[in-house]
Protein chains: 2
Amino acid sequence: MMTFTAPVTEQLFVLKHITGIDELSAHPRFADASPDMVEAIVGGIGEFAAAEFYPLRRIGDTVGARLIDGQVVMPEGFVDAYKAYVANGWGSINAPSDFGGQGLPFSLATVALDSLGAANMAFALCPILSVGSIEAINHHGSDAQKAMFLPKLSTGEWTGTMNLTEPQAGSDVGALKSTATPRGDGTYQIKGQKIYISFGDHDMAGNIVHLVLARTPDAPAGTKGISLFLVPKYRVNEGGSLGERNDIKVVSIEHKMGINASPTCVLAFGDEGDCIGELIGPEFGGMRAMFTMMNNARLNVGLEGVQIAEAATQKAVAFARDRVQSVRAGGTSRDSVAIVEHPDVRRMLMRMKAGTQAIRALLYCASGFVDRAALGIDGAQEMVDLLTPLAKTYGTDMGSEIASLGIQVHGGMGFIEETGAAQLYRDIRIAAIYEGTNGIQAADLVGRKLGMRGGDAVREHLARIGQVAGEHAGLKALAGACTEVTEWMIGSASTDDKLAGSYPFTTMMAVATCGALMAKQLRVAEAEGGNTPFLKAKIAACRYYLDVMVPEALSLKGSAMAGAELLYALDADGLAI
Amino acid sequence: MMTFTAPVTEQLFVLKHITGIDELSAHPRFADASPDMVEAIVGGIGEFAAAEFYPLRRIGDTVGARLIDGQVVMPEGFVDAYKAYVANGWGSINAPSDFGGQGLPFSLATVALDSLGAANMAFALCPILSVGSIEAINHHGSDAQKAMFLPKLSTGEWTGTMNLTEPQAGSDVGALKSTATPRGDGTYQIKGQKIYISFGDHDMAGNIVHLVLARTPDAPAGTKGISLFLVPKYRVNEGGSLGERNDIKVVSIEHKMGINASPTCVLAFGDEGDCIGELIGPEFGGMRAMFTMMNNARLNVGLEGVQIAEAATQKAVAFARDRVQSVRAGGTSRDSVAIVEHPDVRRMLMRMKAGTQAIRALLYCASGFVDRAALGIDGAQEMVDLLTPLAKTYGTDMGSEIASLGIQVHGGMGFIEETGAAQLYRDIRIAAIYEGTNGIQAADLVGRKLGMRGGDAVREHLARIGQVAGEHAGLKALAGACTEVTEWMIGSASTDDKLAGSYPFTTMMAVATCGALMAKQLRVAEAEGGNTPFLKAKIAACRYYLDVMVPEALSLKGSAMAGAELLYALDADGLAI
């Protein structure tokens, strides 16, 4: 019954006015991202996502990835759709042009992922992992490693994984115990068990390149002693042909609440003592390489919020227009109307639309700064660093809220699995957890990012928001509240106080940033005359966000500045009462 | 690994200081509810729930209720546990004493359901439906009907169902089409299909008493033409013995996101033209009877929020005390600590504890007024009417929020089904939908309840909150904001404006009410010296709620008074862009 349509007009509008795609393509490196090319890519990936990824959303959930005789088997249709994805070049948009990629802006890859994931979030997770591997190898690998692995990863013929977590080492990466012992020929013997490895095995690609954090003999304890290793599923011969299988076992795959098409593997490396890997970057350079690998992944996880929000909103609007129930209160007609006409249903739909557009703007804005940072533009990396925790946290939280509203609009049918609204709600819930829990992101904001240039990075960002705010009183007030919290945190607040308020502060900062991006879009839409259906809808969504949703974040100031005392009034025993 | 313990000390504290159980037992009708008896019941049901219902939580989810050869079969263990529930008399606490019940306060039945549902929400839903049937038959049935059906329903030997919804008639009950045709002997021929019938069939009880809304021939359109019919699964002979099966078919059971142990049936009445039912109450009295049936059910659904919040909090606290991860930021030790020591984890746990206690207080308070209304005490029914939409909406929303925090505390493990945190999140999501969606509750608040005594009922309630607020500035401000919205809604706001702001207003009113109940408990705990572990924990939770959570609701004032204009800036086509 339902179909999915990628929001191409919206994506192009945000790319133009928020990302600043024209400014990017003015640089020689991104000259290929001409307006025609951008339009072709955004339109093309939208059609591809709707035609190839979307029809697999439900089978991905009901059948899911299965472990059969030690191999992960994807549900019917996934292998063909993935091969089409590779054949069409959708995987290589942002991959390095020296190694088979198209070298286009990360911003364009963001749009591609927006459409793919809105069609099928679990499926689109696979490319996200590959991107992380590409980044890590490209930044930290040797020339030989780049030449051997990047071309196949860039096209998507091979996929990549990130192997960080072990049972005792989750957020605390430094606690990991996997080992890497020199074999005397420059390679290493890898041994250890890794958990939560997304797409740790599957049958869609010729090879899987595992990037594994492990400790060399006599490495110092904690994060300082960690190194990154490349451990392929199939060993790769000199000429690039595939050799024998490496000693990597899929112990099990997790039974999860959602994203069932994404196999979450427990992998055993070197159980038979024959797992060979090679060092990426210097010994003990593992943490730096990990951050390279994870950084854009954090943005891409924030983008999952946008994906699900878009999918949930489309579904809810279609249902609300179709479902006739009850007369319009206060009206004169006794005829029942489509529920889209009822005020509280409208409230839910407008919230969904405005929230979706706000987080899309935030993610597309951040992706623009990733590209500027790649161009070496002053201050761009600082903006990426600042926006990443905001985008990851608020993007995923808003995605969950919008998926929940989507269920609510459907009423009883929302709770029935066949409708599909429930799947979106289940799928998105992981996004607030993986790639660094949202709590870790908030700690990163107050712990690291707030201190950038002694606080001036945040101060200047807030000042810019204040300027954009103009006549939007709520946004002005929120920027002021953020400044107040910022100065308190930089000033007198203790570490505990800062961490105690970190989460509400992160939300406030994200809403203020989104508010500014919505104010900007509102201005553009009005300047363009505001009289096409798209511009009218854009104006309505921006106004709703600015007038209703932005002011709601104001009252988080109290929580952000409440301090830690209330949280430690009880000891752990007291909490258990 | 996990076990569940009913929060007996907390339950007794709230029963005493919020419900006012001693005041109730001072009335002859509730004289049996002596302090000893209350303690015995609360302790006893807590132990029973932990021992019999809790171990079935997971199998209820993984195996669930199944439809086999036209009959619903419950997962292994449910039949025995249900029989023990009946044998122990837990089902009959509040059932009418004239018909085999114990005639104890509804408040006590509320505590029983609190523990049963915290142990196993899906299972505890079955008794909720029976209670609705008992109420409807007791208030609207003939003496003969009462004598024939109430004794078995009161003990739980038979269970009851509510049959309202049809595919085209959900929130709009008046659109239902099922028919009831007189058979000439005082009984009726029932025909029609009903959907979303919880426990519409199962194998735990000797008979199932379906209460079915249907239309008699030539009935007026809409809700005015609806009557209520009693349609048993097995016909009942004069002497009370069971006769032959009625013509009721289980067409299917739904595949839902949660509460899988609760069979949600599609029932076909009279497919073979042989479904016999009898009228309950007068012809066309269906809506009144339905409200009797649903009213306490709404409170009991609000209570599901408390159940899940309690279960999620216990699970999260236990996990956070057990899971060691990372050193304490800002501390001097380099040893990793249990995550319960990290500020943001504390924030989540305190929010969970405070939120759980707040909604428990709200539900227990409302149940006390149900008992006072039964005693005919002045103004009590008005309080039930006012508190019901608040308790249903905020109870279920807070339950969902707390279940989500529970997942987050678990990190990656929260998304793995075996942990059990995800089940709580999936289970509770239905509660905001059934028994009148939360949007319908909000419409009820601004449409009906706000107008009680020209607004004075709400005004007086808010004035009392203002008085209790004392030195709690946030609560005082919130009561003031509620008053402002109230006066605007009663005064100049249009129907659309009121409905547009109904949901945020409902939340504000609920938080203000909870704030007052937490302030009251704080005062009692301090007056009692505040030096037992329980009282210390109570004080900390009340302070957290009052200082951090209450002020957050303040900023909803803007949304509540935003008016409908922003919501209708787009037409339905515009929303679909």
message: Among (1) within 14 Å of another protein chain (Cβ to nearest Cβ); (2) modelled with pLDDT under 95, there is one condition B:Leu125 misses while meeting the rest; what is its number?
response: (2)
task: Output the residue which, of all residues in region A:49-108 that are of a type in the set (Val, Ile, Thr) and touching a strand residue (DSSP E or B) at 6+ places or on another chain (Cβ under 8 Å), is least open to solvent (accessible area, probe 1.4 Å).
output: A:Val72
- request: Output the number of residues of region A:370-402 satisfying the condition of being among the small types (Gly, Ala, Ser), buried (at least 24 other Cβ atoms within 10 Å of the Cβ) and under 20 Å from A:Met257 (Cβ atoms).
  value: 2
- line: Screening A:Leu405, A:Leu349 for residues that are open to solvent by 10 Å² or more (accessible area, probe 1.4 Å), aliphatic (A, V, I, L, M) and within 14 Å of chain B (Cβ to nearest Cβ) leaves only A:Leu405
- prompt: Residue check: is A:Arg426 charged (D, E, K, R) and facing chain B (nearest Cβ under 10 Å)?
  reply: yes
query: Looking at region A:517-530, is at least one residue more than 17 Å from A:Pro389 (Cα to Cα), free of Cβ contacts under 8 Å to residues at least 24 places away in the same chain and among the hydrophobic types (A, V, I, L, M, F, W, C)?
result: yes
- request: Please find, among A:Thr388, A:Thr393, the residue that is more than 11 Å from chain B (Cβ to nearest Cβ), closer than 19 Å to B:His410 by Cβ and either at pLDDT below 95 or touching a helix residue (DSSP H, G or I) at 6+ places or on another chain (Cβ under 9 Å) (or both).
  value: A:Thr393
message: Given the criteria within 13 Å of chain A (Cβ to nearest Cβ) and modelled with pLDDT under 95, does B:Glu435 qualify?
response: yes
message: Take the conditions under 28 Å from the mean Cα position of the chain (by Cα) and open to solvent by less than 30 Å² (accessible area, probe 1.4 Å) and apply them to A:Ala136. Does it pass?
response: yes
Selection from region A:198-225 of residues that are within 12 Å of chain B (Cβ to nearest Cβ) and among the small types (Gly, Ala, Ser): A:Ser198, A:Ala221, A:Gly222
message: Where the second residue is of a type in the set (Val, Ile, Thr) and assigned to a loop (DSSP other than H, G, I, E, B) and the first is open to solvent by 30 Å² or more (accessible area, probe 1.4 Å) and lies in region B:430-452, which pairs have Cβ atoms under 6 Å and are six or more apart or on separate chains?
response: none
Breaking point among (1) open to solvent by 10 Å² or more (accessible area, probe 1.4 Å); (2) at pLDDT 95 or above, for A:Gly530: (2)
query: What number goes with the only condition from (1) away from chain A (no Cβ under 14 Å); (2) part of a strand (DSSP E or B); (3) surrounded by 22 or more Cβ atoms within 10 Å (Cβ to Cβ) that B:Ile195 does not pass?
result: (1)
message: I want to confirm something. Restricting to region B:167-192 and keeping residues that are of a type in the set (A, V, I, L, M, F, W, C) and within 14 Å of chain A (Cβ to nearest Cβ), which single residue is surrounded by the fewest Cβ atoms within 10 Å (Cβ to Cβ)?
response: B:Ala175
- line: Note on region A:313-337: residues more than 7 Å from chain B (Cβ to nearest Cβ) and not in a helix (DSSP H, G or I) are A:Arg323, A:Val324, A:Val327, A:Arg328, A:Gly331, A:Thr332, A:Ser333, A:Arg334, A:Asp335, A:Val337
Residue, nearest to B:Val86 (Cα to Cα), within region B:143-166, restricted to residues that are open to solvent by 40 Å² or more (accessible area, probe 1.4 Å) and in contact (Cβ under 8 Å) with a residue 24 or more places away in the chain: B:Glu157
- line: So, first residue at the interface with chain B (Cβ under 7 Å from one of its Cβ atoms) and in contact (Cβ under 8 Å) with a residue 40 or more places away in the chain in region A:551-577, second residue assigned to a loop (DSSP other than H, G, I, E, B) and aromatic (Phe, Trp, Tyr), Cβ within less than 6 Å, six or more apart or across chains; the pairs are none
- prompt: So which residues in region B:467-488 are part of a helix (DSSP H, G or I) and either charged (D, E, K, R) or open to solvent by less than 20 Å² (accessible area, probe 1.4 Å) (or both), if there are any at all?
  reply: B:Ala469, B:Gly474, B:Leu475, B:Lys476, B:Leu478, B:Ala479, B:Ala481, B:Cys482, B:Glu484, B:Val485, B:Thr486, B:Glu487
task: May I ask you to verify whether A:Phe284 is assigned to a helix (DSSP H, G or I), of a type in the set (Phe, Trp, Tyr) and open to solvent by 10 Å² or more (accessible area, probe 1.4 Å)?
output: no
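The values are calculated or read from the model by the stated rules, or taken from the named source; none is laboratory data. Please read all numbers here as calculations on a predicted model, not as lab measurements. Quick reminder, even Gly has a Cβ in these numbers, built from the backbone with ideal geometry, and neighbours come from all protein chains shown. These accessible areas exclude ligands, DNA and RNA; they are computed on the full protein's heavy atoms, side chains included. Shrake-Rupley method; radii C 1.70, N 1.55, O 1.52, S 1.80 Å.
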